[in-house]
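Trainee: Could you have a look at this structure, given as C-alpha coordinates, before my questions?
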Amino acid sequence: MRQSIACKAVTVFMLGAASFMINLPQSPSAFAEVQDKVYVQPERPDIPGLVVSPTDPLQKLTARSAIVIDAATGQVLYERDINARRYPASTTKMMTLIVALEHGKLDDIVTVGKNAEGVEGSTLWLVQGDKIPLGELLAGMMMHSGNDATVAVAEHIAGSVPAFVEMMNEKATEIGAYNTHFVNPNGLPDEKHYTTAFDLAKIAAYGYSLPHFEEIVSTQETIYDWVKDPAKKLRNENQMLWLYRGANGVKTGYTEAAGRCLVSAARRDGMQLVAVVLDSYYMWNDSIALLDYGFHNVQPRTLVKKGEVVTKVDVVDGRHGELELIAAESLVVAEKNGESTKVEKKVEMPQNVTAPIKKGDVIGKVVCYYDGKCQGSINLLAAQDVEYYSFWDNLLNYLRDFWKGLF
(Lines give C-alpha, C1' and ligand atoms only; values in the text may rest on other atoms or scores of the structure.)
Protein backbone atom coordinates (compact mmCIF):
# COMPACT_ATOMS: atom_id res chain seq x y z
CA MET A 1 0.00 0.00 0.00
CA ARG A 2 2.84 2.41 0.91
CA GLN A 3 4.35 1.96 -2.57
CA SER A 4 0.97 2.69 -4.16
CA ILE A 5 0.48 5.77 -1.99
CA ALA A 6 3.96 7.01 -2.79
CA CYS A 7 3.36 6.64 -6.53
CA LYS A 8 0.11 8.57 -6.34
CA ALA A 9 1.73 11.25 -4.20
CA VAL A 10 4.45 11.68 -6.81
CA THR A 11 1.80 11.98 -9.52
CA VAL A 12 0.01 14.73 -7.58
CA PHE A 13 3.28 16.54 -6.97
CA MET A 14 4.17 16.42 -10.68
CA LEU A 15 0.78 17.82 -11.61
CA GLY A 16 1.19 20.60 -9.08
CA ALA A 17 4.72 21.34 -10.27
CA ALA A 18 3.34 22.25 -13.65
CA SER A 19 1.63 25.20 -12.01
CA PHE A 20 4.44 26.43 -9.73
CA MET A 21 8.10 25.78 -9.07
CA ILE A 22 9.17 24.98 -5.54
CA ASN A 23 12.59 25.52 -3.95
CA LEU A 24 12.76 23.44 -0.77
CA PRO A 25 14.82 24.84 2.11
CA GLN A 26 17.21 22.43 3.78
CA SER A 27 16.59 23.03 7.49
CA PRO A 28 13.98 24.39 9.93
CA SER A 29 16.06 27.53 10.42
CA ALA A 30 16.22 28.01 6.68
CA PHE A 31 12.53 27.60 5.98
CA ALA A 32 11.67 29.99 8.82
CA GLU A 33 13.36 32.80 6.90
CA VAL A 34 12.00 32.05 3.44
CA GLN A 35 9.98 34.92 2.01
CA ASP A 36 6.34 34.34 1.17
CA LYS A 37 5.97 32.83 -2.28
CA VAL A 38 3.06 33.46 -4.61
CA TYR A 39 1.74 30.10 -5.73
CA VAL A 40 -0.49 30.06 -8.79
CA GLN A 41 -3.24 27.55 -8.23
CA PRO A 42 -3.83 25.20 -11.18
CA GLU A 43 -7.22 25.23 -12.83
CA ARG A 44 -9.66 22.95 -11.07
CA PRO A 45 -10.15 19.77 -13.11
CA ASP A 46 -13.57 18.28 -13.75
CA ILE A 47 -14.22 16.29 -10.56
CA PRO A 48 -17.36 14.13 -10.70
CA GLY A 49 -19.90 15.12 -8.05
CA LEU A 50 -18.03 18.22 -6.88
CA VAL A 51 -20.31 21.27 -6.82
CA VAL A 52 -18.70 24.64 -6.05
CA SER A 53 -20.87 27.58 -5.11
CA PRO A 54 -20.47 30.70 -7.30
CA THR A 55 -19.84 32.68 -4.10
CA ASP A 56 -17.01 30.40 -2.95
CA PRO A 57 -13.91 32.64 -2.70
CA LEU A 58 -11.62 29.70 -3.54
CA GLN A 59 -13.04 28.53 -6.85
CA LYS A 60 -9.96 26.48 -7.78
CA LEU A 61 -9.99 24.42 -4.57
CA THR A 62 -10.34 20.72 -5.42
CA ALA A 63 -11.26 19.30 -2.00
CA ARG A 64 -14.78 18.04 -1.38
CA SER A 65 -14.55 19.30 2.21
CA ALA A 66 -12.26 22.10 3.37
CA ILE A 67 -11.86 24.49 6.28
CA VAL A 68 -9.39 26.90 7.85
CA ILE A 69 -9.76 28.08 11.45
CA ASP A 70 -7.97 30.13 14.08
CA ALA A 71 -6.77 27.56 16.61
CA ALA A 72 -6.99 29.94 19.57
CA THR A 73 -10.68 30.79 19.12
CA GLY A 74 -11.98 28.12 16.77
CA GLN A 75 -13.29 30.89 14.52
CA VAL A 76 -13.99 29.58 11.01
CA LEU A 77 -12.26 31.69 8.34
CA TYR A 78 -13.27 29.58 5.31
CA GLU A 79 -15.53 26.57 4.87
CA ARG A 80 -16.74 24.14 2.25
CA ASP A 81 -19.03 21.26 3.20
CA ILE A 82 -17.37 21.08 6.61
CA ASN A 83 -19.97 18.89 8.33
CA ALA A 84 -20.12 16.12 5.71
CA ARG A 85 -19.08 12.77 7.17
CA ARG A 86 -15.97 11.44 5.43
CA TYR A 87 -13.23 8.89 6.01
CA PRO A 88 -10.22 10.47 7.76
CA ALA A 89 -7.51 7.95 6.75
CA SER A 90 -4.27 8.57 8.68
CA THR A 91 -5.33 12.00 9.95
CA THR A 92 -6.87 9.76 12.63
CA LYS A 93 -3.40 9.55 14.16
CA MET A 94 -3.77 13.09 15.52
CA MET A 95 -6.20 11.75 18.10
CA THR A 96 -3.95 8.76 18.80
CA LEU A 97 -1.17 11.23 19.55
CA ILE A 98 -3.40 13.39 21.77
CA VAL A 99 -4.60 10.47 23.90
CA ALA A 100 -1.06 9.12 24.22
CA LEU A 101 0.33 12.51 25.29
CA GLU A 102 -2.37 12.91 27.94
CA HIS A 103 -2.07 9.40 29.37
CA GLY A 104 1.57 8.47 28.87
CA LYS A 105 5.07 9.76 29.50
CA LEU A 106 7.50 10.37 26.66
CA ASP A 107 10.26 8.42 28.37
CA ASP A 108 8.03 5.37 28.94
CA ILE A 109 9.49 2.29 27.25
CA VAL A 110 6.99 0.64 24.91
CA THR A 111 7.43 -3.08 24.30
CA VAL A 112 6.01 -3.93 20.87
CA GLY A 113 3.54 -6.82 21.02
CA LYS A 114 2.65 -9.42 18.42
CA ASN A 115 -0.52 -7.55 17.38
CA ALA A 116 1.52 -4.58 16.21
CA GLU A 117 3.87 -6.54 13.99
CA GLY A 118 2.69 -6.79 10.40
CA VAL A 119 -0.29 -4.41 10.60
CA GLU A 120 -1.43 -3.62 7.05
CA GLY A 121 -0.70 -0.35 5.33
CA SER A 122 2.10 2.10 6.07
CA THR A 123 4.59 0.81 8.61
CA LEU A 124 7.64 1.49 10.74
CA TRP A 125 8.66 -2.17 10.36
CA LEU A 126 8.29 -2.87 14.06
CA VAL A 127 8.83 -6.42 15.28
CA GLN A 128 7.58 -8.12 18.42
CA GLY A 129 9.87 -7.42 21.34
CA ASP A 130 11.17 -4.06 20.13
CA LYS A 131 11.61 -1.66 23.06
CA ILE A 132 11.18 1.98 22.07
CA PRO A 133 10.64 5.19 24.10
CA LEU A 134 7.06 6.36 23.73
CA GLY A 135 8.12 9.83 22.57
CA GLU A 136 10.20 8.40 19.72
CA LEU A 137 7.45 5.98 18.74
CA LEU A 138 4.90 8.81 18.59
CA ALA A 139 7.24 10.89 16.42
CA GLY A 140 7.73 7.95 14.06
CA MET A 141 4.00 7.33 13.99
CA MET A 142 3.28 10.91 12.89
CA MET A 143 6.24 11.39 10.56
CA HIS A 144 6.09 8.05 8.74
CA SER A 145 2.44 7.22 9.41
CA GLY A 146 3.23 3.89 11.01
CA ASN A 147 0.06 1.85 11.49
CA ASP A 148 2.03 -0.71 13.49
CA ALA A 149 3.10 2.06 15.87
CA THR A 150 -0.52 3.00 16.59
CA VAL A 151 -1.24 -0.54 17.79
CA ALA A 152 1.88 -0.60 19.97
CA VAL A 153 0.93 2.78 21.45
CA ALA A 154 -2.69 1.77 22.02
CA GLU A 155 -1.73 -1.42 23.84
CA HIS A 156 0.85 0.40 25.96
CA ILE A 157 -1.59 3.14 27.04
CA ALA A 158 -4.84 1.19 27.42
CA GLY A 159 -3.91 -2.49 27.40
CA SER A 160 -5.78 -3.17 24.17
CA VAL A 161 -6.78 -1.46 20.94
CA PRO A 162 -10.55 -1.51 21.72
CA ALA A 163 -9.96 0.11 25.12
CA PHE A 164 -7.76 2.78 23.53
CA VAL A 165 -10.32 3.49 20.80
CA GLU A 166 -12.92 4.04 23.52
CA MET A 167 -10.61 6.67 25.00
CA MET A 168 -10.28 8.28 21.56
CA ASN A 169 -14.04 8.58 21.17
CA GLU A 170 -14.46 9.97 24.69
CA LYS A 171 -11.82 12.59 23.91
CA ALA A 172 -13.50 13.50 20.62
CA THR A 173 -16.75 14.20 22.48
CA GLU A 174 -14.90 16.23 25.10
CA ILE A 175 -13.27 18.36 22.37
CA GLY A 176 -16.61 18.90 20.64
CA ALA A 177 -15.98 16.66 17.63
CA TYR A 178 -19.53 15.33 17.76
CA ASN A 179 -19.64 14.00 14.19
CA THR A 180 -16.59 11.78 14.68
CA HIS A 181 -16.41 8.11 15.50
CA PHE A 182 -13.24 6.03 15.62
CA VAL A 183 -12.96 2.27 15.20
CA ASN A 184 -9.16 2.00 15.15
CA PRO A 185 -6.16 4.18 16.05
CA ASN A 186 -4.72 4.42 12.53
CA GLY A 187 -7.48 5.25 10.05
CA LEU A 188 -7.70 2.02 8.07
CA PRO A 189 -11.07 1.99 6.24
CA ASP A 190 -14.21 1.04 8.13
CA GLU A 191 -17.78 2.20 7.55
CA LYS A 192 -18.08 3.17 11.21
CA HIS A 193 -14.82 5.13 11.21
CA TYR A 194 -15.63 8.67 10.11
CA THR A 195 -15.21 12.36 10.85
CA THR A 196 -15.72 15.79 9.29
CA ALA A 197 -13.41 18.60 8.22
CA PHE A 198 -14.79 20.73 11.06
CA ASP A 199 -14.12 18.05 13.65
CA LEU A 200 -10.56 17.42 12.43
CA ALA A 201 -9.84 21.14 12.66
CA LYS A 202 -11.12 21.13 16.26
CA ILE A 203 -8.98 18.10 17.11
CA ALA A 204 -5.84 19.63 15.64
CA ALA A 205 -6.48 22.96 17.37
CA TYR A 206 -6.83 21.15 20.68
CA GLY A 207 -3.58 19.33 20.03
CA TYR A 208 -1.65 22.59 19.88
CA SER A 209 -2.68 23.31 23.47
CA LEU A 210 -0.77 20.22 24.68
CA PRO A 211 2.92 20.07 25.56
CA HIS A 212 5.02 18.26 22.91
CA PHE A 213 2.24 18.09 20.27
CA GLU A 214 3.71 20.85 18.10
CA GLU A 215 7.23 19.56 18.65
CA ILE A 216 6.24 16.13 17.31
CA VAL A 217 4.06 17.15 14.37
CA SER A 218 6.49 19.80 13.12
CA THR A 219 9.64 17.65 13.09
CA GLN A 220 11.02 17.44 9.57
CA GLU A 221 13.68 14.76 9.95
CA THR A 222 15.13 12.73 12.79
CA ILE A 223 17.40 9.75 13.45
CA TYR A 224 16.56 6.89 15.80
CA ASP A 225 18.68 3.81 16.46
CA TRP A 226 15.67 1.48 16.29
CA VAL A 227 14.75 2.43 12.70
CA LYS A 228 15.39 -0.63 10.52
CA ASP A 229 16.72 1.39 7.57
CA PRO A 230 20.55 1.52 7.56
CA ALA A 231 20.47 5.34 7.59
CA LYS A 232 18.31 5.25 10.75
CA LYS A 233 16.56 8.35 9.42
CA LEU A 234 12.86 9.25 9.31
CA ARG A 235 11.58 12.06 7.09
CA ASN A 236 8.17 13.64 7.61
CA GLU A 237 5.68 12.88 4.83
CA ASN A 238 4.02 16.28 5.31
CA GLN A 239 5.63 18.39 2.57
CA MET A 240 3.95 21.53 3.91
CA LEU A 241 6.79 21.71 6.45
CA TRP A 242 9.05 22.61 3.53
CA LEU A 243 6.55 24.32 1.24
CA TYR A 244 4.95 26.87 3.55
CA ARG A 245 6.51 29.55 5.74
CA GLY A 246 5.57 29.05 9.37
CA ALA A 247 4.22 25.54 8.78
CA ASN A 248 4.24 23.51 12.00
CA GLY A 249 2.10 20.43 11.34
CA VAL A 250 0.19 18.31 11.15
CA LYS A 251 -0.79 14.99 9.33
CA THR A 252 -1.30 13.51 5.87
CA GLY A 253 -3.71 10.70 5.02
CA TYR A 254 -4.72 8.53 2.07
CA THR A 255 -6.84 5.48 1.34
CA GLU A 256 -8.90 4.64 -1.72
CA ALA A 257 -12.05 5.30 0.30
CA ALA A 258 -10.90 8.60 1.82
CA GLY A 259 -8.96 10.07 -1.09
CA ARG A 260 -6.11 12.47 -0.38
CA CYS A 261 -6.46 14.13 3.01
CA LEU A 262 -4.31 16.67 4.79
CA VAL A 263 -4.54 18.55 8.05
CA SER A 264 -2.00 21.38 7.82
CA ALA A 265 -1.11 24.22 10.14
CA ALA A 266 1.07 27.31 10.33
CA ARG A 267 1.94 30.04 12.80
CA ARG A 268 2.61 33.61 11.68
CA ASP A 269 2.70 36.75 13.82
CA GLY A 270 1.71 34.56 16.75
CA MET A 271 -1.50 33.41 15.03
CA GLN A 272 -1.96 29.64 14.78
CA LEU A 273 -4.15 28.58 11.86
CA VAL A 274 -5.31 25.05 11.04
CA ALA A 275 -6.49 23.94 7.60
CA VAL A 276 -8.16 20.69 6.56
CA VAL A 277 -8.80 19.20 3.13
CA LEU A 278 -10.63 15.90 2.68
CA ASP A 279 -10.85 13.95 -0.58
CA SER A 280 -8.70 16.51 -2.37
CA TYR A 281 -7.33 16.23 -5.92
CA TYR A 282 -4.46 18.68 -5.29
CA MET A 283 -4.04 18.52 -1.52
CA TRP A 284 -0.80 20.53 -1.32
CA ASN A 285 -2.13 23.31 -3.55
CA ASP A 286 -5.46 23.33 -1.71
CA SER A 287 -3.78 23.58 1.69
CA ILE A 288 -1.52 26.43 0.60
CA ALA A 289 -4.53 28.28 -0.81
CA LEU A 290 -6.47 27.80 2.44
CA LEU A 291 -3.69 29.02 4.72
CA ASP A 292 -2.95 31.95 2.40
CA TYR A 293 -6.61 32.90 2.43
CA GLY A 294 -6.69 32.67 6.20
CA PHE A 295 -3.61 34.80 6.85
CA HIS A 296 -4.55 37.39 4.23
CA ASN A 297 -7.92 37.99 5.87
CA VAL A 298 -6.93 38.28 9.52
CA GLN A 299 -4.78 40.37 11.81
CA PRO A 300 -3.22 39.40 15.16
CA ARG A 301 -4.64 40.49 18.50
CA THR A 302 -2.42 39.71 21.48
CA LEU A 303 -4.28 38.82 24.66
CA VAL A 304 -1.23 37.84 26.73
CA LYS A 305 2.49 38.16 26.01
CA LYS A 306 5.01 35.43 26.81
CA GLY A 307 6.73 36.16 30.13
CA GLU A 308 4.09 38.70 31.18
CA VAL A 309 3.09 38.71 34.86
CA VAL A 310 -0.60 37.86 34.61
CA THR A 311 -1.61 37.49 38.26
CA LYS A 312 -0.43 36.47 41.75
CA VAL A 313 -1.36 33.60 44.04
CA ASP A 314 -1.16 33.22 47.82
CA VAL A 315 1.43 30.74 49.11
CA VAL A 316 0.91 28.55 52.18
CA ASP A 317 3.94 27.55 54.29
CA GLY A 318 6.38 29.47 52.12
CA ARG A 319 9.14 32.00 52.68
CA HIS A 320 7.10 34.30 50.46
CA GLY A 321 3.40 34.76 51.05
CA GLU A 322 2.70 35.60 47.43
CA LEU A 323 3.90 34.29 44.08
CA GLU A 324 3.81 35.93 40.65
CA LEU A 325 2.50 33.83 37.76
CA ILE A 326 3.84 34.46 34.26
CA ALA A 327 2.57 33.41 30.84
CA ALA A 328 4.38 30.40 29.39
CA GLU A 329 3.56 31.50 25.84
CA SER A 330 1.90 34.37 24.06
CA LEU A 331 -1.83 34.01 23.50
CA VAL A 332 -2.66 35.55 20.14
CA VAL A 333 -5.99 35.35 18.35
CA ALA A 334 -6.75 36.03 14.70
CA GLU A 335 -9.30 38.78 14.09
CA LYS A 336 -10.95 39.10 10.72
CA ASN A 337 -9.92 42.30 9.00
CA GLY A 338 -12.28 45.10 9.94
CA GLU A 339 -14.00 43.08 12.64
CA SER A 340 -13.68 42.90 16.42
CA THR A 341 -13.56 39.31 17.63
CA LYS A 342 -15.78 38.52 20.62
CA VAL A 343 -13.02 37.11 22.78
CA GLU A 344 -12.83 36.93 26.54
CA LYS A 345 -9.84 35.74 28.57
CA LYS A 346 -10.20 34.17 31.99
CA VAL A 347 -7.60 33.16 34.54
CA GLU A 348 -8.09 29.70 36.03
CA MET A 349 -5.94 28.93 39.10
CA PRO A 350 -6.23 27.64 42.67
CA GLN A 351 -6.98 29.99 45.56
CA ASN A 352 -3.57 29.21 47.01
CA VAL A 353 -0.58 26.90 46.59
CA THR A 354 1.59 25.13 49.14
CA ALA A 355 5.37 25.43 49.25
CA PRO A 356 7.83 24.19 48.14
CA ILE A 357 7.39 25.49 44.60
CA LYS A 358 9.89 25.40 41.76
CA LYS A 359 10.31 28.16 39.21
CA GLY A 360 8.47 27.08 36.06
CA ASP A 361 5.90 24.89 37.83
CA VAL A 362 2.50 25.06 36.12
CA ILE A 363 0.12 26.77 38.57
CA GLY A 364 -2.83 27.77 36.40
CA LYS A 365 -3.79 28.86 32.91
CA VAL A 366 -5.31 31.65 30.87
CA VAL A 367 -8.27 30.39 28.84
CA CYS A 368 -9.61 32.04 25.71
CA TYR A 369 -13.39 32.05 25.34
CA TYR A 370 -14.93 32.74 21.94
CA ASP A 371 -18.71 33.22 21.71
CA GLY A 372 -18.95 31.80 25.22
CA LYS A 373 -17.08 28.59 24.37
CA CYS A 374 -13.75 27.60 25.89
CA GLN A 375 -11.11 27.45 23.16
CA GLY A 376 -7.33 27.97 23.34
CA SER A 377 -5.33 28.30 26.55
CA ILE A 378 -1.80 28.90 27.82
CA ASN A 379 -0.18 27.82 31.06
CA LEU A 380 0.72 30.13 33.93
CA LEU A 381 4.10 29.37 35.49
CA ALA A 382 5.67 30.12 38.85
CA ALA A 383 8.01 33.07 38.37
CA GLN A 384 10.44 31.95 41.11
CA ASP A 385 11.29 29.23 43.62
CA VAL A 386 9.48 29.37 46.94
CA GLU A 387 11.02 27.36 49.79
CA TYR A 388 8.98 25.57 52.44
CA TYR A 389 8.74 27.68 55.62
CA SER A 390 6.14 26.63 58.18
CA PHE A 391 4.68 28.06 61.39
CA TRP A 392 7.22 26.01 63.37
CA ASP A 393 10.09 27.53 61.39
CA ASN A 394 8.78 30.96 62.32
CA LEU A 395 8.45 29.97 65.98
CA LEU A 396 11.94 28.46 66.08
CA ASN A 397 13.47 31.60 64.57
CA TYR A 398 11.56 33.76 67.05
CA LEU A 399 12.81 31.73 70.01
CA ARG A 400 16.36 31.78 68.63
CA ASP A 401 16.28 35.56 68.25
CA PHE A 402 14.73 35.91 71.71
CA TRP A 403 17.42 33.74 73.29
CA LYS A 404 20.17 35.75 71.62
CA GLY A 405 18.58 38.93 72.93
CA LEU A 406 18.96 37.72 76.51
CA PHE A 407 22.71 37.48 76.14
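Trainee: Going by the conditions given, is Ala100 crowded, with 20+ Cβ neighbours inside 10 Å and of a type outside the set (Ser, Thr, Tyr)?
Mentor: yes
Trainee: Have a look at Gly140, Gly176 and point out the one that is over 15 Å from Thr92 (Cβ atoms) and surrounded by fewer than 22 Cβ atoms within 10 Å (Cβ to Cβ).
Mentor: None of the other options fit; the residue is Gly176.
Trainee: Taking Lys105 as the residue in question, decide whether it is of a type in the set (D, E, K, R) and either surrounded by fewer than 19 Cβ atoms within 10 Å (Cβ to Cβ) or more than 14 Å from Ala149 (Cα to Cα) (or both). Give the steps one after another, and end with the answer.
Mentor: Numbers: of a type in the set (D, E, K, R): yes; either surrounded by fewer than 19 Cβ atoms within 10 Å (Cβ to Cβ) or more than 14 Å from Ala149 (Cα to Cα) (or both): yes.
Yes.
Trainee: From the list Leu331, Leu303, which residue is in contact with a Gly (Cβ under 8 Å, 6 or more places away or on another chain), at pLDDT below 95 and not small (Gly, Ala, Ser)?
Mentor: Numbers: Leu303 fails: in contact with a Gly (Cβ under 8 Å, 6 or more places away or on another chain).
Among Leu331, Leu303, only Leu331 is in contact with a Gly (Cβ under 8 Å, 6 or more places away or on another chain), at pLDDT below 95 and not small (Gly, Ala, Ser).
Trainee: Moving on to the next point. Which residue, of Glu170, Glu174, Glu166, is among the acidic types (Asp, Glu) and within 25 Å of Val112 (Cβ to Cβ)?
Mentor: Glu166
Trainee: Given the structure, is Gln59 at pLDDT 95 or above, of a type in the set (S, T, N, Q), over 20 Å from Asn147 (Cα atoms) and surrounded by fewer than 21 Cβ atoms within 10 Å (Cβ to Cβ)?
Mentor: Here the answer is yes, as Gln59 does meet what is asked.
Trainee: If you go through segment 33-52 one residue at a time, do you hit one that is surrounded by 13 or more Cβ atoms within 10 Å (Cβ to Cβ), touching an Asp or Glu at 6+ places or on another chain (Cβ under 7 Å) and either modelled with pLDDT under 95 or not small (Gly, Ala, Ser) (or both)?
Mentor: No.
Trainee: Considering every residue within segment 298-305, establish whether at least one is in contact with a Pro (Cβ under 8 Å, 6 or more places away or on another chain) and either among the polar types (S, T, N, Q) or touching a residue at least 40 places away in the same chain (Cβ under 8 Å) (or both). Step through it out loud before you land on a result.
Mentor: Initial filter on segment 298-305 (in contact with a Pro (Cβ under 8 Å, 6 or more places away or on another chain)): none.
Checking segment 298-305: not a single residue is in contact with a Pro (Cβ under 8 Å, 6 or more places away or on another chain) and either among the polar types (S, T, N, Q) or touching a residue at least 40 places away in the same chain (Cβ under 8 Å) (or both).
Trainee: Return only the number of the condition from (1) within 18 Å of Asp229 (Cα to Cα); (2) touching a Leu at 6+ places or on another chain (Cβ under 8 Å); (3) not in a loop (DSSP other than H, G, I, E, B) that His156 does not satisfy.
Mentor: It fails just one condition, (1).
Trainee: If we keep just the residues of segment 162-173 that are among the aliphatic types (A, V, I, L, M) and crowded, with 21+ Cβ neighbours inside 10 Å, which is farthest from Ala72 (Cα to Cα)?
Mentor: This residue is Val165.
Trainee: Looking only at residues in segment 250-259 that are touching a Gly at 6+ places or on another chain (Cβ under 8 Å) and part of a strand (DSSP E or B), which one is surrounded by the fewest Cβ atoms within 10 Å (Cβ to Cβ)?
Mentor: Thr255
Trainee: Would you be able to say whether some residue in segment 378-389 is within 20 Å of Gly207 (Cβ to Cβ) and at pLDDT 75 or above?
Mentor: yes
Trainee: Looking at segment 113-126, can you tell me whether even one residue there is β-branched (Val, Ile, Thr) and over 21 Å from Glu237 (Cβ atoms)?
Mentor: Checking segment 113-126: not a single residue is β-branched (Val, Ile, Thr) and over 21 Å from Glu237 (Cβ atoms).
Trainee: Now for a separate question. For Thr219, only one of the following conditions fails: (1) under 23 Å from Leu58 (Cβ atoms); (2) in contact (Cβ under 8 Å) with a residue 40 or more places away in the chain; (3) polar (S, T, N, Q). What is its number?
Mentor: (1)
Trainee: Let me ask you something else. Any chance segment 114-125 includes a residue that's in a helix (DSSP H, G or I), surrounded by fewer than 23 Cβ atoms within 10 Å (Cβ to Cβ) and of a type outside the set (Phe, Trp, Tyr)?
Mentor: Within segment 114-125, the first condition is being in a helix (DSSP H, G or I), and the residues that meet it are none.
Within segment 114-125, not a single residue is in a helix (DSSP H, G or I), surrounded by fewer than 23 Cβ atoms within 10 Å (Cβ to Cβ) and of a type outside the set (Phe, Trp, Tyr).
Trainee: Can you give me the ranges of the strands (runs of 3 or more DSSP E) entirely in segment 269-364 with at least 1 residues that are under 22 Å from the mean Cα position of the chain (by Cα) and either surrounded by 22 or more Cβ atoms within 10 Å (Cβ to Cβ) or not assigned by TED's automatic domain parsing to the domain that holds Ala247 (or both)?
Mentor: Values: elements: 271-280, 298-304, 309-316, 322-327, 331-336, 343-348, 352-354.
It comes to 271-280, 298-304, 322-327, 331-336, 343-348.
Trainee: Can you name the residue in segment 179-214 that is part of a helix (DSSP H, G or I) and of a type in the set (Gly, Ala, Ser) and, of all such residues, is surrounded by the most Cβ atoms within 10 Å (Cβ to Cβ)?
Mentor: If we take residues in segment 179-214 being part of a helix (DSSP H, G or I) and of a type in the set (Gly, Ala, Ser), then Ala197 is surrounded by the most Cβ atoms within 10 Å (Cβ to Cβ).
Trainee: From the list Leu106, Leu58, Leu101, which residue is touching a residue at least 24 places away in the same chain (Cβ under 8 Å) and part of a helix (DSSP H, G or I)?
Mentor: Exactly one of Leu106, Leu58, Leu101 is touching a residue at least 24 places away in the same chain (Cβ under 8 Å) and part of a helix (DSSP H, G or I), namely Leu101.
Trainee: Right, another one. Could you run through segment 309-347 and say how many residues are within 13 Å of Gln384 (Cα to Cα) and free of Cβ contacts under 8 Å to residues at least 12 places away in the same chain?
Mentor: Total satisfying the criteria: 2.
Trainee: Please go through (1) within 20 Å of the chain's Cα centre (by Cα); (2) surrounded by 14 or more Cβ atoms within 10 Å (Cβ to Cβ); (3) at pLDDT 95 or above for Arg64 and return the number of the only condition it doesn't satisfy.
Mentor: Condition not satisfied by Arg64: (1).
The values are calculated or read from the model by the stated rules, or taken from the named source; none is laboratory data. Owing to the predicted nature of the structure, the values given are computational and were not obtained by experimental measurement. Methodologically, a virtual Cβ is constructed for each residue, glycine included, from the backbone with ideal geometry; neighbour enumeration extends over all protein chains shown.
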